[in-house]
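No value in this document is a laboratory result; all are computed from the given coordinates. Given the structure is predicted, the values throughout are model-derived calculations rather than measurements. All Cβ positions, glycine included, derive from the backbone under ideal geometry; neighbour counts span all protein chains shown.
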């Protein structure tokens with residue numbers, strides 16, 4: 001055991017020592033004491049599953065003229081849609097298949113959400129209720145965060161006046 005430790009130590013010393021070549025030039029080679037681990041970041045992809053119906057991709061084959069079968073995923077026709085929710089007077093954003101859209105037209109959004117155990121209040125929405133539209137008329141715009149990088153208009157006007 002002592003010999004294996006000594007050989008490992010001597011190998012690491014050998015890599016950090018100067019190496020001389022036949023032409024007399026010296027080159028310093030060193031290996032890092034600890035290996036650097038690289039973290040791979042995998043891109044996040046939208047799951048191709050309908051929120052309302054639960055439809056997902058089907059495994060199928062593409063059959064060539066020579067009857068070779070190649071695997072193919074038959075994806076669902078998904079749409080990111082804003083669906084109007086009449087009870088709350090708001091547009092709810094959902095990932096829905098075209099079959100799900102037909103079902104919403106036939107049965108209704110609330111019934112479909114109830115079947116799929118989806119809480120419509122937890123989804124992102126745009127409010128178009130009367131109270132919201134009145135507030136927008138009175139206040140002209142919704143509240144917006146101040147742009148810290150925007151130029152001060154008074155200083156800008158003073159610079160223009162001074163330059164001309």
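Summary of values
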{"item": "When residues of segment 117-126 are limited to those that are exposed (fewer than 14 other Cβ atoms within 10 Å of the Cβ) and either touching a residue at least 12 places away in the same chain (Cβ under 8 Å) or under 24 Å from the mean Cα position of the chain (by Cα) (or both), the one nearest to residue 55 (Cα to Cα)", "result": "119"}
{"item": "Residues being touching a strand residue (DSSP E or B) at 6+ places or on another chain (Cβ under 7 Å) and touching a residue at least 12 places away in the same chain (Cβ under 8 Å) - total across segment 64-83", "result": "12"}
{"item": "Qualifying positions in segment 49-63 - part of a loop (DSSP other than H, G, I, E, B) and in contact with a strand residue (DSSP E or B) (Cβ under 7 Å, 6 or more places away or on another chain)", "result": "50, 51, 52, 53, 55, 57"}
{"item": "Meets criteria (farther than 30 Å from residue 55 by Cβ and out of contact with any helix residue (DSSP H, G or I) (no Cβ under 6 Å at 6 or more places or on another chain)) for residue 143", "result": "yes"}
{"item": "Those residues of segment 66-79 which are under 15 Å from residue 51 (Cβ atoms) and not in a loop (DSSP other than H, G, I, E, B), in sequence order", "result": "78, 79"}
{"item": "Number of positions in segment 82-109 that are touching a helix residue (DSSP H, G or I) at 6+ places or on another chain (Cβ under 7 Å) and surrounded by fewer than 17 Cβ atoms within 10 Å (Cβ to Cβ)", "result": "1"}
